[in-house]
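Encoded as structure tokens, the structure appears first; notes follow it.
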Amino acid sequence: MNIAHVINQKSYEHIEYMLRRHPITFIPIFVLFVVLMGVPVIVYFIINTLFPSVVSGSVVYPILVLSASIYALSMYLFFYVRFIEYYLDLWVITNDRLLDMEQQGLFSRSIKELDLYRIQDVTVNIQGIFSTLLNYGNIHIKTASTNTDIVFHDVSHPDVIQKDLIRLSEEDRKYHQE
Amino acid sequence: MLTIPLYIILFLYLAFLSIFFIFSLINFYHIVMSASFTLASFFMSFFVFAMTILTIYFTAQLLTGVNWQIPIIVLDLDWLSRVFGIHNSF
């Protein structure tokens, strides 16, 4: 399935930006995954050192192997779900509107849509050392309506996107005034 | 004394595997349906599925030769009598 189908792209519409979170924001999850994967190895060495007879027991041994396998598979699933949450947060800016698609867990997904001419204020927020050095941050998009504000989280080059968003919004406003 | 055969644990593992595969497929479905099947998501899915296959393979390798008919004691009344200090006089 392509993005045109997902956003139900109109004939006159073209995609200006497709934005995802900066890859650096996924690194803490990867580090956590690596640490959690090391836990069974440490537990095995502790049990094998303190109670070597337990590990070789005819009942305990298969239970330990199956438990370790379940733990490893659970970690893969946890990692995959977190990747989905990270990667499926997608913001699409076209010459007519912007779409905010956010994945929340495995069974929840929200899609917000906003016409560009309704944008009133675009604010960039870059906080922290990594955000400043790698040039990524949040973009807050406000409208006259109080319930349709959109936030682009941790996107690359937020200042460039902010300028382009204001330009596209002004162009769209002119088009709607004609 | 209440006992169950060891293969019951294996059935529980297989039940877990089926849940795991359903959830993994839902994840993959999300990737495809949200038009996010790119090189990055392909590599991540490949990594997860490859690790899954390796884990299941090594689990099977480590469990070859296990006697699944061995009974596991789930409940033994002697444990209770030891805990509560009751001596079986029969």
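Read-outs throughout are calculated quantities, based only on the coordinates presented, and are distinct from any laboratory measurement. Quantities reported herein were computed from a predicted structural model and do not represent experimental measurements. All Cβ positions, even for glycine, are placed from backbone atoms using ideal geometry, and neighbour counts span all protein chains on display.
For the stretch A:104-177, the Cβ-based charge dipole about the Cα centre amounts to some 100 debye (Lys, Arg positive; Asp, Glu negative; other atoms uncharged). For the pair B:Asp76 and B:Ala40, what calculated FRET efficiency results from E = 1/(1 + (r/R0)^6), where r is the Cβ-Cβ distance and R0 = 51 Å, to the nearest 0.05? Rounded to the nearest 0.05, the efficiency is 0.40.
Here is the size of chain A from its Cα atoms: Rg then Dmax, 23.4, 84 Å.
Comparing the stretch A:104-177 with the 2.2 N^0.38 Å rule of thumb, its C-alpha radius of gyration ratio is 1.24 (two decimals). Legend: calculated FRET efficiency, B:Phe11 to A:Val39, from the Cβ-Cβ distance at R0 = 25 Å, rounded to 0.05, equals 0.45.
Which of A:Trp91, B:Trp68 comes first, and how do the rest follow, when ranked by fewest Cβ neighbours within 10 Å? Walk me through the numbers on the way to the answer.
On the way: A:Trp91 23, B:Trp68 12.
Starting with the residue having the fewest Cβ neighbours, the order is B:Trp68, A:Trp91.
Among A:Arg109, A:Arg21, which comes first, then next, by fewest other beta-carbon atoms within 10 Å?
Numbers: A:Arg109 16, A:Arg21 19.
Placing the least packed residue first, the sequence is A:Arg109, A:Arg21.
Projecting the Cα atoms of B:Leu39, A:Val55, A:Tyr86 onto the charge dipole of the protein assembly as shown (Cβ charges, centred on the Cα centre) puts A:Val55 farthest toward the positive pole. In this rough spin-label picture, where each label sits 7 Å from Cα along the Cβ direction, the B:Phe23-A:His14 distance is 4.4 nm. Taking the Cα centre of chain A as reference, the dipole from Cβ charges on Lys and Arg (+1) and Asp and Glu (-1) amounts to some 500 debye.
Could you state the orientation-averaged shadow area of the convex hull built on the Cα atoms of the stretch B:2-84, in nm² to one decimal? Kindly include the intermediate steps, with their values, before the conclusion.
On the way: hull surface 33.4 nm².
Here the figure is 8.3 nm², rounded to one decimal.
When you restrict to C-alpha pairs under 8 Å that are six or more residues apart and normalise by the size of the stretch A:23-178, the relative contact order lands at 15 percent.
Suppose R0 equals 22 Å. What FRET efficiency, 1/(1 + (r/R0)^6) with r the Cβ-Cβ distance, do A:Thr132 and A:Ile166 give to the nearest 0.05? If you can, show how the numbers build up before the last one.
Details: r = 22 Å, r/R0 = 1.01.
Calculated transfer efficiency: 0.50.
Partner shielding of B:14-23 amounts to 2, given as the average count of beta-carbon atoms from other chains within 10 Å of each residue beta-carbon.
In plain terms, the residue of B:Ile70, B:Ile31, A:Ile46 with the fewest other Cβ atoms within 10 Å comes first and the most crowded comes last, giving A:Ile46, B:Ile70, B:Ile31.
What is the sum of charges around A:Leu134, taking Lys and Arg as +1, Asp and Glu as -1, for the other residues whose C-beta is under 15 Å from the C-beta of A:Leu134? Display every interim value, and only then the final one.
On the way: positive: A:Arg20, A:Arg21; negative: A:Asp154, A:Asp159.
Local net charge: 0.
Helices in the protein assembly as shown, meaning DSSP H runs of at least 4 residues, each add -39500 (n - 2.57). Divided by all residues, the mean residue ellipticity at 222 nm is -18000 deg cm²/dmol.
The mean sequence separation of alpha-carbon pairs under 8 Å and at least six residues apart, normalised by the residue count of chain B, gives a relative contact order of 65 percent.
As a ratio to 2.2 N^0.38 Å, the alpha-carbon radius of gyration computed for the stretch A:1-77 takes the value 2.01.
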